[in-house]
């Protein structure tokens with residue numbers, strides 16, 4: 001039996017592995033993909049991680065994994081199909097069989113919903129972004145567009161308007177869905193223009209995004225909008241399917257867990273983008289991984305708690 005099984009090897013899972021291994025836990029990391037790193041592997045450049053300005057996302061993921069490898073962390077390529085709570089023992093089910101552990105950290109991340117239009121994959125990281133706070137600084141003084149009509153899209157547009165010359169908010173409906181206070185703030189900004197009843201049909205460019213082909217749903221007019229960047233904010237799906245029947249999640253599917261990452265199930269922890277929190281970034285995922293591993297260590301030792 002392991003002390004700890006970590007499901008997922010993005011920044012949260014790898015951080016948990018490093019902290020757990022240094023604490024002396026007998027642990028294993030399960031990852032369904034051939035490479036560790038999670039979403040960061042597909043990020044062209046990361047400029048807001050302390051001490052690593054401008055690092056390529058792929059290189060960052062490789063460095064994170066190398067740190068865990070240096071400590072001798074055990075990794076297995078396996079897709080987890082279920083997690084079962086048997087009190088003092090957790091059963092993690094994979095296609096290769098079942099594993100037992102005293103504790104489990106869920107670090108399966110989240111997936112950004114995509115537009116599924118031509119050019120989106122081609123220009124991902126080259127003008128197409130799913131995180132305004134991550135990539136907005138690269139578009140200072142330029143024209144960008146945000147797709148969506150909920151709170152995240154409005155917050156992204158407001159954030160980008162601080163540094164971008166012009167921000168277009170593209171929404172397929174004829175009214176926004178975000179909170180009224182956000183709508184009022186957005187509409188007060190002189191460099192923001194809302195394009196209601198519009199959809200993006202194609203993202204165009206040569207080496208990076210240069211323009212968007214839009215369709216006006218009211219009159220079926222197709223036209224081209226020059227833009228250097230497109231921020232997609234049409235939803236995020238947390239990878240919490242494995243635990244939604246085990247522990248409490250919010251209406252969007254994020255696990256309810258505190259700063260120690262402990263869920264309602266003793267011995268089960270949630271770290272990174274799967275946990276409900278106000279900011280989902282690499283740095284907060286790494287922090288979650290450290291907290292979750294220390295909390296798991298305290299649980300294994302029978303300590304009263306980690307976060308005081």
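Packing order of peptides 48-56, 100-108, highest average first: 100-108, 48-56 (average count of other Cβ atoms within 10 Å over each peptide's residues).
Taking the DSSP beta bridges with both ends in region 114-232, the antiparallel portion is around 45 percent. Enclosing the Cα atoms of region 1-70 in their convex hull gives a volume equal to 86 cubic angstrom per residue.
Based on Cα atoms of region 52-176, Rg over Rh with Rh as the Kirkwood radius reads 1.10.
Summarised as an ellipsoid, region 114-232 has semi-axes of 20, 18, 12 Å, derived from the eigenvalues of the Cα gyration tensor scaled by 5 and square-rooted, with the largest first.
Using DSSP, restrict attention to beta bridges with both residues in the chain and report what percent are antiparallel, rounded to the nearest 5. Here the share of antiparallel DSSP bridges comes out near 50 percent. What FRET efficiency comes out for residue 259 versus residue 217 if R0 is 41 angstrom and r is the Cβ-Cβ distance? Round to the nearest 0.05. In this case the efficiency is close to 0.40. Taking label points 7 Å from Cα along the Cα-to-Cβ direction, residue 126 and residue 89 give a separation of 5.2 nm. Its DSSP H runs of at least 4 residues, each contributing -39,500 (n - 2.57), put the calculated 222 nm mean residue ellipticity of the chain at -7000 deg cm²/dmol, to the nearest 500. Over all distinct Cα-Cα pairs of region 151-308, the Kirkwood formula returns a hydrodynamic radius of 18.6 Å.
Computed extension gain for residue 26 through residue 142, at 0.36 nm per residue and net of the alpha carbon distance, reaches 36.7 nm.
Peptides 199-209, 217-227 ranked from most to least packed, by the mean per-residue count of other Cβ atoms within 10 Å: 199-209, 217-227. Using only the alpha-carbon atoms of the chain as identical scatterers, what base-10 log of I(q)/I(0) does the Debye formula give at q = 0.16 Å⁻¹? For the requested q values the scattering log ratios are -1.19. Using C-alpha pairs below 8 Å separated by at least 6 residues, the relative contact order for region 151-191 is 55 percent.
Any read-out appearing in this document is the output of simple, stated calculations on the displayed coordinates, not a laboratory observation. Everything numeric here is computed off the predicted structure, so don't read it as measured data. Methodologically, a virtual Cβ is constructed for each residue, glycine included, from the backbone with ideal geometry; neighbour enumeration extends over all protein chains shown.
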